[in-house]
Amino acid sequence: MQYDRTLIYILFIGLSLGVSIATFLSWSETTFFSMHPLLLPIFFLLGVLLFLIVVKDNLPFSTGIKLAFVIAYSFLANLIHVALLYPILTGDLAYHLAVERTWDKFGIHYFLLLPIEAHLQQIQGFFNRLYIFQRGAAQYGLVVSLAKMLRVDLFWINALLIGLLWGFFVPIIAFKVSKTLRASDRISLLTGILTTSLPILMLWSWKSAGNVFGLFFFFIATYFLLKSFSINAKRKYIFLALLASVVSVLCHPMTGITSFSLVLLAFGIKNYYTPRRSSFSMALPNLVLSFFIVVLSLPIMSILLHIVYPTYSQFSLAKILSIDVYHIIFAEYADYTFISALTYGATTVLAIVGMVMFKAGEKEKELRLFLILAFVALVVQHRVFYYFIEKPLFGIHRLYALQPFIIIPFAAIAIDHLLRTPKSSPPKVGSYKSFSKQKSRFRAIFPSKEVLPTLLICISLSAILSQGHLSSFENDVHEPYSIVSPFSMKAVTLIHEEYLRNHERYVVISDPVTQHAGLALVGRYNPEELYLEQTTNRELFVEAVRQTSRQTLLKATAFNDAPLVYLTIFKYYANLYAPSADFDDIVDIYSKILEEVAILGDGERQTAVFRLRIPREPYTGIGPIVTVLKELQQFRLNTTYSYVFSDDIEYALNLTGATSYNITDWPMCWSYESISPLPSSTSIDANAWINFTGSPTVDYTVKWAANGLFPNVVWKDDSFLHGWTFIGRFTLSSHSFTSDGDIVKDSLSGKPEDPANYQRDLPSLQNCTHLLVRLKGETNSKFMIQIWEDISEGWEGRAFLAGWLEPSTDYTTYIFPLPSNRPLTLFWLTVLTTDGNPTTIYWDYVMIAQSEPE
Amino acid sequence: MRLRELEKTIARDKRGCFTILAICSTIAVLINSITLSSPILGILFSSIYLLINSVFLGHIFFQEESASFRVALGFIVVIMLIALGGAGIIIGSGFFAIKFDTNTTIAVLTLITIAISFINRLQVRMKLKSKAHQSN
């Protein structure tokens, strides 16, 4: 006997170690999801062994030891997910960690940390403020309190806490829930295994999110409610159920409100069954009322939430009319594959069978009615959301996760019934003491008639749980963006470490993956280390990868008045948001105009980090000499320069004492900007000369702009006066291309997406490396630039393409790398109207630079 | 000493030794937070705190259970109380000038211990009284 016992211990520990090792072997440096091929097979075998240990009553283990096996399995089931998906999933989980980090670091709500108008509006009234502050308060309160007590980094508490609580307590509570129905040990242990790693629960059980904590406390509240039915100390357990419901509602309203409504249902049932009730006629309506409260409380709360918070959930009869019959009957299951339907639905079917089979004693009748009514109410509640609620506040598939806590004991009862055969009525647990008296140990454990059905049932159950794990991974992992990558983690750590050294306030424009990593590290709306969020960040990031301009980064400084701006670019998102640009080109351009902090990793998760330090004072000095004719008298005059960044240098020439001026001979890389104050008359060809007349007593300032990074301009057009010809499309209702000698106004109207295309010959330029274009446009315009080597060769002859790009509404310089190995002979500018309404793009200049920037 | 005996000894809390120990452990947590920031000490002191309060709560609410279930269920209730305490600080900070820092956390943990200990001692005293009545 001792030998058998040892063998099972060795087998269980061996398989558990196998699962752990396979889990950690699945983890790679890049966290690309590649589950080790042996992981699920070993986990499956472990499941089969566990089910065999549990279902065989004549094995030499006490119920306590079997429960320990179940808890160990439950821990492993959660460990696999936590370890494999380390560091953290992006999205909600990262935001929860970020909020916890804010509480841990600053001790106040992020709404108050960096007060912005949108936030302040949301906390104006008492109830608005109460709603905002109570959201997830129990989860954040628990995680942050434990982090402060243990002095362990919040990341680890956040990552491990719910997995540990779930792994340890859910099997225990499930066991105890089953016991309240006076079920056998086998049924209770089966309930423990199924509840801890049922596929629908495995989707959530390890995730540190409000609804998961809420589910956990909902289950505890359910247990206390059931206990309040079954023993004398009713008040004590009702108090505990209410306490757990309060914690649950402070974690997530979905679980908490359902939990409270179940308490009401319990009262309704108790009232119905109480022998001292004054009137039966009132008991039944009370019961029906409490049932409908369970069904409708959550949908009604969802709709009414807009009173305290800007939400858009509403009741709609039209929704059900848009759903086909198949979906009306099967809801989400209509879209499932057979395997998925079996994985997620098998236990529910078993539970319904179990409800029918369960022979309740006098004491268990109330419990059975409570559980059945609660289950039916939850199903109907889900259908109310599915049929009638537009824009629900949460994914309504989450409601499915509430049901197993109510029905799994019945599923276990059904399985137990399947396992019973006439020849093997189960002995009482603990009867292994008489085991040694039997002659054949193996036969006693596995009587021949039982072997096959028992094995089949155990294999099937283990297969469902293993398949649940696989589905959970597939549900969560969408490479490469759903998991915070180690490169993004390293990027945000580098930035944070720099802050710790210098204590310089900074702001970060980041791709979504790095944004989540950053928020998780420094918290939300941290005024010293600010990661821009949501729409603001998205718009700036998209602009940054499309326009590769320093101006985008300067806009970010307005949020916290930071002297440092960081830009992180995750390769996948650069390609997603700027499909016409290449990640390497973007990195190449930013390497010229920003400080490169690091280029981390490779592949789709490669992450580039750049830094922009904003000088306190602009740089000034004497610039190049230009030729000026004052009243026909020639002068060689010095210009002055001023710049904050060398890619945006302003050159100025001060003139006075004459009535007419003619300026020539400024460097090719300069672009004429303005004369102030306005002269009496001007005549400009911004490529070559500037003539103007004015008063001799007025000081005139002529300004040019230049990009100091590209001084070697070999060709430019700053006036658009000569050489441009319209080449299509002739279906346009109108188009014009008129220049004032500096800016060309390129207007058109016609059908949506109709382009106006202009071309100009180039003097066969060689070894050109960059194209600089400065323009602005209206919001319904797009532009495209093409440069040809030899247009007669068709697309093969096209040397460069940029388009279709949405222009900025302010003048912006776009920089594009050119293929240096191709001669350039023809330039095309194309503009379209996106909606068919008249639109205009204002071109300031196009320049082609030859050498590599300095 | 077996688990059941240890649990009984803690639950009886003769002369309030274990209440004082739980409060001392919270003070130790505070000192550790301010000075050493050691996770090892943090885990040690917090474990003492959690164990004592779990036993107290198990004794208050789950006397009909076996010792191991009593401690486990008591632990769940401690976790719920810590979560509620944290949530209380968070919600309170929306209306009053309080911060969710180590001091407020320790204050809440101490209050929890005192409340639990008070109820536990009350229950022990009532039991003793009822036993005395029975013996008379």
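Quick look at the values:
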| item | result |
| --- | --- |
| Count of residues meeting criterion [over 15 Å from A:SER261 (Cα atoms), assigned to a helix (DSSP H, G or I) and touching a helix residue (DSSP H, G or I) at 6+ places or on another chain (Cβ under 9 Å)] in region A:285-308 | 2 |
| Wholly enclosed strands (runs of 3 or more DSSP E) of region A:653-702 bearing at least 2 residues exposed (fewer than 14 other Cβ atoms within 10 Å of the Cβ) | A:670-676, A:681-685 |
| Flag if A:SER20 is surrounded by 20 or more Cβ atoms within 10 Å (Cβ to Cβ), in the same structural domain as A:LYS176 (by TED's automatic domain parsing) and part of a helix (DSSP H, G or I) | no |
| Test: B:ALA97 is surrounded by fewer than 20 Cβ atoms within 10 Å (Cβ to Cβ) and more than 12 Å from chain A (Cβ to nearest Cβ) | no |
| Only listed residue being surrounded by 22 or more Cβ atoms within 10 Å (Cβ to Cβ) and either without any contact (Cβ under 8 Å) to a residue 12 or more places away in the chain or out of contact with any helix residue (DSSP H, G or I) (no Cβ under 8 Å at 6 or more places or on another chain) (or both), chosen from A:MET254, A:MET149 | A:MET149 |
| Helices (runs of 4 or more DSSP H) wholly inside region B:1-111 containing at least 3 residues that are within 25 Å of A:TYR110 (Cβ to Cβ) | B:67-92 |
| Filtered residue count, region A:126-175, keeping only those that are within 7 Å of another protein chain (Cβ to nearest Cβ), in a loop (DSSP other than H, G, I, E, B) and of a type outside the set (A, V, I, L, M) | 1 |
| Selection count where residues are assigned to a helix (DSSP H, G or I) and either at pLDDT 90 or above or out of contact with any helix residue (DSSP H, G or I) (no Cβ under 7 Å at 6 or more places or on another chain) (or both), scope region A:348-364 | 10 |
| Count of region A:703-734 residues which are part of a loop (DSSP other than H, G, I, E, B) and small (Gly, Ala, Ser) | 4 |
| Region B:81-94, subset buried (at least 22 other Cβ atoms within 10 Å of the Cβ) and more than 12 Å from the chain's Cα centre (by Cα), residue farthest from the other protein chains (Cβ to nearest Cβ) | B:ILE89 |
| Failed item, numbered, when B:LEU44 is tested on (1) over 15 Å from the mean Cα position of the chain (by Cα); (2) at pLDDT 90 or above | (1) |
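Here's the yes/no breakdown for (1) under 29 Å from A:GLY125 (Cβ atoms); (2) hydroxyl-bearing (Ser, Thr, Tyr); (3) more than 7 Å from chain A (Cβ to nearest Cβ); (4) surrounded by fewer than 21 Cβ atoms within 10 Å (Cβ to Cβ):
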position: B:LEU73; (1), (2), (3), (4): no, no, yes, no
position: B:ILE76; (1), (2), (3), (4): no, no, no, no
position: B:THR102; (1), (2), (3), (4): no, yes, no, yes
position: B:LYS127; (1), (2), (3), (4): no, no, yes, yes
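The values are calculated or read from the model by the stated rules, or taken from the named source; none is laboratory data. Quick caveat, the model's predicted, so the values are computed rather than measured. Glycine gets a Cβ as well: all are built from the backbone with ideal geometry, and neighbour counts include every protein chain shown.
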